[in-house]
Structure formats: structure tokens, C-alpha cells
Amino acid sequence: MTSGGVVSGTPCCEAYPMTVPDTADHDVRLPALRAGWWLGWGSVAAVLGALTLGLPARHPDELLILILVAAAANAMLMVVPWQRWLTAGRGQAMLDLWSGGLLALATLVVALGGATSHLDLLLFLITPFLATVHQARRRVAWLALAALAFASTVVLAPLAAGDVFLRLTLLASTTLLAVVLARLTAREAAARAEADAHSHLTRALVADAHHRVKNSLQIVADVLLLNRPDGPDGRRFDETAERIRAIAAVHRLLAGGHDAVDAHSVLDAVAQAAGVRPSLDIDPLTLDAARAQHLGIVANELITNAARHGRPPIAVHLRRGKEIVLRVTDSGSGPGGHPPRLGLQLVRQVAEQGLHGTLTLEGRPDGGWAEVRYPAAAS
């Protein structure tokens, strides 16, 4: 514990995992599963439409019942929580059951429809689906089963040699295309997941750095005050410690792991660090780390200057337009003809060199104000 605040020994980035879950597999398989649902409905609609239009089939009534059962199964698959189940064994088991059911369905449909129905063409939808949703050895196994299913359909509904060759060639080509596209998609998803993980880690490390800087600045302020002389000479030590704590307050906000912070939070934290409670009237404004530091230093000097040399009430206004305008007012008479103090010299330097803006001071009998303007593009 220090007089500047509690110095935690726990790095803030422990609140952030240093790695993120690998989502590449989900990025590939989930869209494929969704496509599978709609391919299922498309197949059901195609067969029902063909039967309605007089598709020549050996057993049309039994074929109709089978397709209705397939439709019910497809509807049940749509309510399975795949997002959660794919990371567990039951998700893979359900996927295997789905794949086996599709191959069995294709075989039975061909058996009920016969060669003249050409329903073996459903394999042109099923086989690429299997190539996409399965991986590695499991993909090879399911493609082998698909080849066996194709051979079974040729036996159940004999086709001419030319028809068999054409179907086999096109089926192999579409399957190869599906495998290539699945691999390319997987690589892209893996690269995206790796980039997200790297970005997450970078934010966590930056947040941890801000956390450690904040603690170090608090310690520096406390050590500085240990050598504070008594009497009027100690005021410079107090002012320097306040400046350090104002910077530490901004680092505390940046330690939240965000690339930018809200201006209202910055000004409120700076005021609290200075021990002053002005009224805040702040337009919505997001600041990056550098602008937050600059604005924090400027606000600290103007608020503490108003508290020491002005009279309450003190108000802080921030307006966002073509320019960002920070104005601190109090009921005192303003700087008058006195030479600029060190704090105001610091404000002018930060305003001009850091924010590329200007500092204006105004003193009136009914109240004084200090105003910093800088281009909105700078924020």
C-alpha cells in the first residue's frame, strides 16, 4: 500500500487469456453443416417435385415415405447445437451418424427408384459434403464409403458402361474440388484465427505494460514525496507528484486492454487523481493512447491551477467539432498580468507540440477560463 494508491502485484493482463481458442475448424465446418441442411432440403424438394411430375420409379409410394422420413431427419439436424457439440465427442458422433444416414439414404433411394429414375445423382451432393465436413483420415474413410455406396447403386440400378464412366469421372472431379476448397478455406480460417490470437496477445501485453507503468509512476510519486521539504518549498514537490499521478491515472485506464479510451473517463480520472471534483460537461470522444496522455497532462494542469488560484465552482467542458475544445472555468479573476507559471508553460508546450493546437487564457472579474483547441483529426 502506498499513499498514491494500492500497488497490485498481479499483472493486469492475467485477466486476458494469452491464447485464444482455435476457431479455424469451426469456421470451415459450421458453414458446411449449414450448407448441408439446405442441400438436404433441396434434395427433398427435387425428389418430391420429380415424383409429382411423373418420375419413373419402381416403388414410388415407398420412395415418397423414405423422402418424408429424410425430411424429418434433416429438420432434427437443424436443431442440434453444433456450435457447442463440435468441440465434444458427441458432435463428431452425430456428424458420423449424419454422414452414414446420407449414404444409406442414397442407396435406398436408388434401390426404390431404379435405373431409369437417375436418383444416384444425389451422390453428387452428398460426396462433396462429406469431403468438406470431415478431415484427415476420417475424410478418407468416408470418401471410401461413398465410393462403396456408388458401387452399390450401380449394382442396384444397372447403368450402361458410358453412364457409369461419366458419373464416376464427374463424381471424382467434384469431390477433388470440394477437398481443395475445404483445405484453402481451412488455411484462410487458420490464418485469421492466428491473427486474432496475435492481436489479442498484443493487446494483453500492452495492457500489462500500462498496468506496470501506472504502478511504477505511483511509486515514483510516493518516493518523491519522501524527500519533500517542509514549508513553501514543498509545493513544487506536491505539484510534480500530482503531475505524475495524473499520468498514472491515464495509464490505469489504458490498462483495461483497449486501444482507445473515452475522454470523459480520462478527465474524470485526472480530476480524481488531483483531488478536485469539478463539474464535467464532455462530448463523446474516443482517444488513442498518445492523445489520452496529452489531454490528461493538459487537463491536470488546468484543473489544479483553477483549484489553487481560482475559486469554485470549477467546470470542465469538452466540445467536439472541427476542433476539439477543452475549457476549464472557475469563479476567480484568471491569470491577470502575472507571468505564466510552470504548469501553464507545460500546458502551452503540450498543446502546441503534442496536440498541434493553441492555449488561450482569459481573466474577468466574474470568472476566468483556460482553453485548449486542437484539430479534431488529431484525435
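The values are calculated or read from the model by the stated rules, or taken from the named source; none is laboratory data. Please read these numbers as outputs of a predicted model, since none were measured by experiment. Quick reminder, even Gly has a Cβ in these numbers, built from the backbone with ideal geometry, and neighbours come from all protein chains shown. Note: accessible area is taken over every heavy atom of the protein model, side chains too, but ligands, DNA and RNA are not part of it. Shrake-Rupley method; radii C 1.70, N 1.55, O 1.52, S 1.80 Å.
Data table
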quantity: From D222, D262, D283, D268, residue being out of contact with any His (no Cβ under 6 Å at 6 or more places or on another chain) and modelled with pLDDT under 80; calculated: D222
quantity: Helices (runs of 4 or more DSSP H) contained in the stretch 58-136 and holding at least 1 residues touching a strand residue (DSSP E or B) at 6+ places or on another chain (Cβ under 9 Å) and open to solvent by less than 50 Å² (accessible area, probe 1.4 Å); calculated: none
quantity: Condition check for S333: open to solvent by 70 Å² or more (accessible area, probe 1.4 Å), touching a strand residue (DSSP E or B) at 6+ places or on another chain (Cβ under 8 Å) and at pLDDT below 85; calculated: yes
